[in-house]
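The values are calculated or read from the model by the stated rules, or taken from the named source; none is laboratory data. No experiment lies behind these values; they were computed from the predicted model shown. As a convention, Cβ positions derive from the backbone with ideal geometry for all residues, glycine included, and neighbour counts pool all protein chains shown.
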Amino acid sequence: IRVRPLTCTETRRGDQQVVHSLGDGAVHVSAARHDATFGFSAVFDAGASQEAVFEGSGMRQLVELAIDGFSCTVFAFGQTGSGKTYTLMGPLAQSKTQPASPALLGLMQRSFTCLLEQSRSRGSDLVLSASYLEIYNEQVRDLLSPGPPCALPLRWSKTRGFYVENQLSVEFESLEAIVSLLLQGSQRRRTSAHALNRHSSRSHALLTIHICSRAVSAHPAPGEGWGASACPSKQGTLCFVDLAGSERVKETGSSGELSVEANSINRSLLALGHCISLLAKPRGKGTHIPYRDSKLTRLLARSLSGSGITLMVACISPSSRCLSETLSTLHYASRARRVTTRP
Ligand code: ADP
Ligand code: MG
């Protein structure tokens with residue numbers, strides 16, 4: 001859980017702070033008619049730095065597991081304006097002219113640095129590539145391919161599961177290269193200004209790093225040859241998901257196009273919540289999980305169950321005005337915590 005500080009607007013209008021971290025992963029919400037404590041693996045309160053979030057959330061281990069060949073996903077969840085994009089990217093994505101101070105860089109840039117350091121120190125040759133997609137109004141778009149955004153088909157196959165056809169994957173070798181891909185893609189993302197956040201993301205964005213490592217000095221176990229041409233390799237992925245925020249149409253002052261957007265955002269978040277609830281319940285082998293209900297759940301199917309390792313960062317505002325959204329995020333995150341996967 002990450003609790004952001006009160007914003008200037010919230011402080012100015014005298015909003016009460018209703019969320020408090022109690023230490024040891026406990027977070028307490030207290031307001032007029034609500035008094036509840038929730039437990040999580042970690043809670044970062046308003047004073048927590050970006051570095052503390054990176055080190056305390058298990059993100060570093062996730063990067064290492066991805067290098068070892070696992071499918072790892074981190075997703076930021078929460079109400080619009082709760083700090084999802086800030087947590088993943090820092091303020092960088094929002095200002096084209098001024099580069100962000102290194103202390104404010106988010107989980108993504110820190111993970112890239114860690115990944116490139118590891119790849120250098122391990123001495124094995126890693127081939128790194130990135131793809132960057134957004135889901136906007138139930139359409140999957142490539143954020144890296146040049147030209148106006150066009151919708152890509154989402155398909156399913158027995159061997160690959162759900163995948164996006166014709167998505168661009170760009171190889172990179174340096175921090176500058178991947179950060180510039182991130183910036184390019186983020187600037188093409190669909191955002192709109194509305195009452196809760198001036199740069200609100202109106203789409204779900206998925207940046208995936210594909211890590212292919214060839215073991216240079218490994219030897220096959222006795223009696224277990226590699227075969228004539230096969231070179232043992234591991235293929236891991238590290239996927240960063242910046243979800244569009246949940247919101248109540250009434251509160252954001254959205255109308256027309258904005259409310260169509262809000263409805264499709266809410267619909268896919270609802271589908272995600274539904275899958276998470278079903279996955280969190282003890283269930284028989286045949287329980288149907290409705291991944292097909294939205295593009296988002298199809299793309300996240302592997303991360304949510306099956307063989308993935310997933311970190312969910314639920315972002316909340318401490319303000320009394322956000323109380324009901326905050327409680328709903330905390331309930332959502334509590335359910336997500338009960339989902340187990342078999343990496
Ligand atoms: P979201 O992506 O969830 O809609 P943002 O990440 O855009 O929200 O955050 C909304 C605003 O709050 C931004 O101006 C951002 O800079 C600020 N903010 C969010 N989290 C923090 C934080 N932990 N510390 C300081 N400012 C923050
Ligand atoms: Mg955002």
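crowded, with 18+ Cβ neighbours inside 10 Å and at pLDDT below 90: which single residue out of Ser317, Ser305 fits that description? Steps first, answer last, please.
Working: Ser317 fails: at pLDDT below 90.
Residue meeting the stated conditions: Ser305.
Looking at Arg321, Arg342, can you tell me which residue is part of a loop (DSSP other than H, G, I, E, B) and over 18 Å from the mean Cα position of the chain (by Cα)? Before the answer, list the steps.
Details: Arg321 fails: part of a loop (DSSP other than H, G, I, E, B).
Testing whether each residue is part of a loop (DSSP other than H, G, I, E, B) and over 18 Å from the mean Cα position of the chain (by Cα) leaves just Arg342.
Quick grid of which residues meet (1) assigned to a helix (DSSP H, G or I); (2) more than 16 Å from ligand 2 (Cβ to nearest atom); (3) surrounded by fewer than 22 Cβ atoms within 10 Å (Cβ to Cβ); (4) modelled with pLDDT of 90 or more:
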site: Phe112; (1), (2), (3), (4): yes, yes, no, yes
site: Glu117; (1), (2), (3), (4): yes, yes, yes, yes
site: Ser129; (1), (2), (3), (4): no, yes, yes, yes
site: Ile135; (1), (2), (3), (4): no, no, no, yes
site: Leu144; (1), (2), (3), (4): no, yes, yes, yes
site: Pro149; (1), (2), (3), (4): no, yes, yes, no
site: Gln184; (1), (2), (3), (4): yes, yes, yes, no
site: His210; (1), (2), (3), (4): no, yes, yes, yes
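Checking the condition among the β-branched types (Val, Ile, Thr), modelled with pLDDT under 85 and over 27 Å from Leu183 (Cα atoms), which residue from Thr340, Thr326 passes? Break it down into steps so the answer makes sense when it comes.
Details: Thr326 fails: modelled with pLDDT under 85.
One residue alone meets the criteria, Thr340.
Scan region 138-160 residue by residue and report those that are under 22 Å from Arg267 (Cβ atoms) and small (Gly, Ala, Ser).
Ala151 - this is the single residue of region 138-160 that is under 22 Å from Arg267 (Cβ atoms) and small (Gly, Ala, Ser).
Is it true that some residue in region 30-50 is over 22 Å from Ala333 (Cβ atoms) and away from ligand 2 (no atom under 16 Å from the Cβ)? Spell out how you get there, then give the answer.
In the first step, residues of region 30-50 are kept if they are over 22 Å from Ala333 (Cβ atoms); the result is 32.
If we keep only those that are away from ligand 2 (no atom under 16 Å from the Cβ) too, we end up with 32.
Scanning region 30-50 turns up at least one residue that is over 22 Å from Ala333 (Cβ atoms) and away from ligand 2 (no atom under 16 Å from the Cβ).
Return the total of residues in region 253-278 being touching a helix residue (DSSP H, G or I) at 6+ places or on another chain (Cβ under 7 Å), outside any loop (DSSP other than H, G, I, E, B), crowded, with 18+ Cβ neighbours inside 10 Å and at pLDDT below 85.
Residues that pass the stated criteria total 1.
State whether one or more residues within region 300-322 are without any contact (Cβ under 8 Å) to a residue 24 or more places away in the chain and either farther than 21 Å from His204 by Cα or not aliphatic (A, V, I, L, M) (or both).
Initial filter on region 300-322 (without any contact (Cβ under 8 Å) to a residue 24 or more places away in the chain): none.
No: region 300-322 contains no residue that is without any contact (Cβ under 8 Å) to a residue 24 or more places away in the chain and either farther than 21 Å from His204 by Cα or not aliphatic (A, V, I, L, M) (or both).
Given Ala333, Ala271, Ala314, which one is among the small types (Gly, Ala, Ser), under 27 Å from Val140 (Cα atoms) and away from ligand 1 (no atom under 16 Å from the Cβ)? Even if it seems obvious, please write down each step before you answer.
Details: Ala333 fails: away from ligand 1 (no atom under 16 Å from the Cβ); Ala314 fails: away from ligand 1 (no atom under 16 Å from the Cβ).
None of the others qualify; the one that does is Ala271.
Out of the strands (runs of 3 or more DSSP E) lying entirely within region 1-101, which hold 3 or more residues that are more than 14 Å from ligand 1 (Cβ to nearest atom) and in contact (Cβ under 8 Å) with a residue 60 or more places away in the chain?
Numbers: elements: 19-23, 26-31, 34-39, 71-78.
In region 1-101, 26-31, 34-39, 71-78 are the strands (runs of 3 or more DSSP E) which contain 3 or more residues that are more than 14 Å from ligand 1 (Cβ to nearest atom) and in contact (Cβ under 8 Å) with a residue 60 or more places away in the chain.
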